[in-house]
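As structure tokens, the structure follows; a few thoughts come after it.
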Amino acid sequence: MNLLNYDFIAQENLKFLKTYKYKGTDQSLLYNYVLSPFANWCLKYVPLNVAPNTLTLLGLICIIICHILFYFVMEDNFQGTIPDWLLWTTFILHMIYMNFDNLDGKQARRTNNSSPLGMILDHNFDSMIIAIQGTNFVTCLQCGQSILAFLLICVPTYPFYIIAHEEYYTHEMNLPIINAAAEGTVFVGSLFAINAIFGCDFWTQKMPQFYNLQFNTVAIIIFFVVVAFGLPFVFKKITKFVPLSQALKSQRYMLFAGLVLFYVILFSPSDVGSRHMRAILYIFGFTMSKAAGIVAVYHVSNQDLPNYLNSIYLFFVLLFNTIYGQIFGQSLIEEGLLLQGIALITVLVHVHFLYNITRQISQALKIKVFKINK
């Protein structure tokens, strides 16, 4: 087996790529009356020879720039005074990313270059941005290297993964009048601007009316409540096509991954979460990104979803190492080194996935990835 060139789509399923058509609606008032009209205006200035996937990639690059700037300025503290210029830069680049995210689909329809690959790259880059911009957001809310940082990343991660399954089972993506893709993304970007105006200190102020919890803790609880309110409606849509037991069964992989990382943070013998939270966030974020990407690929190619991905063995190693340390007082493998190694593997596995689905789908459809296909 050629491990570099791995085919995620079975040869007999490649034929479904040619007949796939994306179906979806966005009922968001913000999208329909603000974001979409603005993107339509910008579209007039986008040359016809610019490929839709190029616009998708430019959006991702905007967020990567923010991430690199945050890393070098704030390091791994995930708290502290953030320079105003960094917050405003992140806000501006975040909004530019949003516009690119709206432009790519419009450019695809304008040039008749819509394809399953474009849909997969668009969704997968969005899932990557949850991990990349999520670490910046953790710093914005002054979470520090604590369990709060991990919980905050969980807020968008699990809904994104579940909604990917909604599209798989229902064969369409219909976003409600208030959704994460429009209002949620604007909200995240706006918080960077709010921090630039009012400072970051208010996130760590205690709130006597909420059992003296910090404001950021209360905010994360509210985020979870909002998400918990919306998810039953998603599962209701899914259960029109498959039993609830099957819908819940498909969530086991990411649920297990999250529980293992949660366990490591709470029970690590060396309190590794307080030193290597970035590695934990990378592991969780990029694991979800690849898993959601697999769901999208299997959707467009009409394949049955796997019960789990091979990356699950990394989480078994991580769990065993933590339990070993609890029993014997010292982990078998130095915990920080293991986390960093698994984080690197997770990122490389995701890059491997992106390379191969791009290679296989572009070859099957005989299309160019970053050029207009006439």
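The values are calculated or read from the model by the stated rules, or taken from the named source; none is laboratory data. Everything numeric here is computed off the predicted structure, so don't read it as measured data. Glycine gets a Cβ as well: all are built from the backbone with ideal geometry, and neighbour counts include every protein chain shown.
Would you check which residues across the stretch 268-324 are surrounded by fewer than 21 Cβ atoms within 10 Å (Cβ to Cβ) and of a type in the set (Lys, Arg) and list them?
Arg275, Arg278, listed by residue number.
Which residues, counting only those in the stretch 38-74, are aromatic (Phe, Trp, Tyr) and more than 26 Å from the chain's Cα centre (by Cα)? Full working, then the answer.
Here is the first cut: in the stretch 38-74, the residues aromatic (Phe, Trp, Tyr) are 38, 41, 45, 70-72.
Scanning the stretch 38-74 gives Trp41, Tyr45.
Just need a number here: residues in the stretch 274-303 that are over 21 Å from the mean Cα position of the chain (by Cα) and assigned to a helix (DSSP H, G or I). Can you show your working first?
If we filter the stretch 274-303 for residues that are over 21 Å from the mean Cα position of the chain (by Cα), which is where we start, we get 274-275, 301-303.
Retained after the next criterion (residues that are assigned to a helix (DSSP H, G or I)): 274.
Here the count works out to 1.
Tell me, which residue of the stretch 5-23 that is loosely packed, with under 12 Cβ neighbours inside 10 Å and within 24 Å of the chain's Cα centre (by Cα) is farthest from Val297 (Cα to Cα)?
The residue in question is Lys23.
Collect the residues in the stretch 87-118 that are more than 19 Å from Val46 (Cα to Cα), surrounded by fewer than 21 Cβ atoms within 10 Å (Cβ to Cβ) and hydrophobic (A, V, I, L, M, F, W, C), keeping them in residue-number order.
Trp88, Phe91, Ile92
In the stretch 330-361, how many residues are assigned to a helix (DSSP H, G or I), of a type in the set (Gly, Ala, Ser) and crowded, with 17+ Cβ neighbours inside 10 Å? Steps first, answer last, please.
The initial filter retains those residues of the stretch 330-361 that are assigned to a helix (DSSP H, G or I), namely 335-361.
Those still in the list that are of a type in the set (Gly, Ala, Ser) too: 336, 341, 343.
Subset that is crowded, with 17+ Cβ neighbours inside 10 Å: 343.
The qualifying residues number 1.
Restricting the search to the stretch 237-264, which residues are assigned to a loop (DSSP other than H, G, I, E, B) and either of a type in the set (D, E, K, R) or surrounded by 13 or more Cβ atoms within 10 Å (Cβ to Cβ) (or both)? Even if it seems obvious, please write down each step before you answer.
So the first thing to find is which residues in the stretch 237-264 are assigned to a loop (DSSP other than H, G, I, E, B), and the list is 239-243, 250-251.
Matches in the stretch 237-264: Thr239, Lys240, Phe241, Val242, Ser250, Gln251.
Pull out all pairs, ordered by first then second residue, where Cβ-Cβ is under 9 Å, the residues are six or more apart or on different chains, the first lies in the stretch 250-267 and is more than 11 Å from Tyr158 (Cα to Cα) and touching a residue at least 60 places away in the same chain (Cβ under 8 Å), and the second is part of a loop (DSSP other than H, G, I, E, B) and of a type in the set (Gly, Ala, Ser).
Ile265/Ser146
When you scan the stretch 6-17, do you find a residue that is closer than 30 Å to Cys143 by Cα, out of contact with any His (no Cβ under 7 Å at 6 or more places or on another chain) and in a helix (DSSP H, G or I), even just one?
Here is the first cut: in the stretch 6-17, the ones closer than 30 Å to Cys143 by Cα are none.
Looking for residues that are closer than 30 Å to Cys143 by Cα, out of contact with any His (no Cβ under 7 Å at 6 or more places or on another chain) and in a helix (DSSP H, G or I), one finds none in the stretch 6-17, hence no.
Mind checking which residues of the stretch 76-86 are surrounded by fewer than 15 Cβ atoms within 10 Å (Cβ to Cβ) and either modelled with pLDDT of 95 or more or touching a Pro at 6+ places or on another chain (Cβ under 6 Å) (or both)? Let's see the steps before the verdict.
Residues of the stretch 76-86 surrounded by fewer than 15 Cβ atoms within 10 Å (Cβ to Cβ): 76-77, 80-81, 83-85.
Those that are surrounded by fewer than 15 Cβ atoms within 10 Å (Cβ to Cβ) and either modelled with pLDDT of 95 or more or touching a Pro at 6+ places or on another chain (Cβ under 6 Å) (or both): Pro83, Asp84, Trp85.
Please work out which residue is farthest from Gly118 (Cα to Cα), limiting yourself to the stretch 22-51 and to residues that are free of Cβ contacts under 8 Å to residues at least 60 places away in the same chain and of a type outside the set (A, V, I, L, M, F, W, C). If you could, list the steps in order and put the result at the bottom.
Step one: filter the stretch 22-51 for residues free of Cβ contacts under 8 Å to residues at least 60 places away in the same chain, giving 32-34, 37, 41, 44-45, 47.
Now restrict to residues that are of a type outside the set (A, V, I, L, M, F, W, C): 32-33, 37, 44-45, 47.
Values: Asn32: 22, Tyr33: 25, Pro37: 22, Lys44: 21, Tyr45: 21, Pro47: 18 Å.
The qualifying residue farthest from Gly118 (Cα to Cα) is Tyr33.
Go through Val50, Val138, Val46, Val73 for me and flag whichever is surrounded by fewer than 22 Cβ atoms within 10 Å (Cβ to Cβ) and part of a helix (DSSP H, G or I). Full working, then the answer.
Details: Val50 fails: part of a helix (DSSP H, G or I); Val138 fails: surrounded by fewer than 22 Cβ atoms within 10 Å (Cβ to Cβ); Val46 fails: part of a helix (DSSP H, G or I).
Step by step, each of Val50, Val138, Val46, Val73 is checked, and only Val73 is surrounded by fewer than 22 Cβ atoms within 10 Å (Cβ to Cβ) and part of a helix (DSSP H, G or I).
Any residue at all in the stretch 28-37 that is surrounded by fewer than 21 Cβ atoms within 10 Å (Cβ to Cβ), part of a loop (DSSP other than H, G, I, E, B) and more than 25 Å from the chain's Cα centre (by Cα)?
So far as the stretch 28-37 goes, no, none of its residues is surrounded by fewer than 21 Cβ atoms within 10 Å (Cβ to Cβ), part of a loop (DSSP other than H, G, I, E, B) and more than 25 Å from the chain's Cα centre (by Cα).
Taking the stretch 76-104 as the region of interest, how many residues are of a type in the set (Ser, Thr, Tyr) and within 29 Å of Val272 (Cβ to Cβ)? Please lay out each step first, then the result.
Applying the first criterion (of a type in the set (Ser, Thr, Tyr)) to the stretch 76-104 yields 81, 89-90, 97.
Now restrict to residues that are within 29 Å of Val272 (Cβ to Cβ): 81, 90.
Summing the residues that are of a type in the set (Ser, Thr, Tyr) and within 29 Å of Val272 (Cβ to Cβ) in the stretch 76-104 gives 2.
Pick from Ala196, Ala181: which is part of a helix (DSSP H, G or I) and at pLDDT 95 or above?
On the way: Ala181 fails: at pLDDT 95 or above.
Exactly one residue qualifies, and that residue is Ala196.
For Ile327, all conditions in the list (1) of a type in the set (A, V, I, L, M, F, W, C); (2) exposed (fewer than 15 other Cβ atoms within 10 Å of the Cβ); (3) in a helix (DSSP H, G or I); (4) under 23 Å from the mean Cα position of the chain (by Cα) hold save one; what is the number of the exception?
With (1) of a type in the set (A, V, I, L, M, F, W, C); (2) exposed (fewer than 15 other Cβ atoms within 10 Å of the Cβ); (3) in a helix (DSSP H, G or I); (4) under 23 Å from the mean Cα position of the chain (by Cα) applied to Ile327, the lone miss is (4).
List the pairs whose first member sits in the stretch 215-231 and is among the polar types (S, T, N, Q), whose second member is part of a helix (DSSP H, G or I), and whose Cβ atoms are under 6 Å apart, counting only residues at least 6 apart or on separate chains?
Listed pairs, sorted by first residue: Asn216/Trp203.
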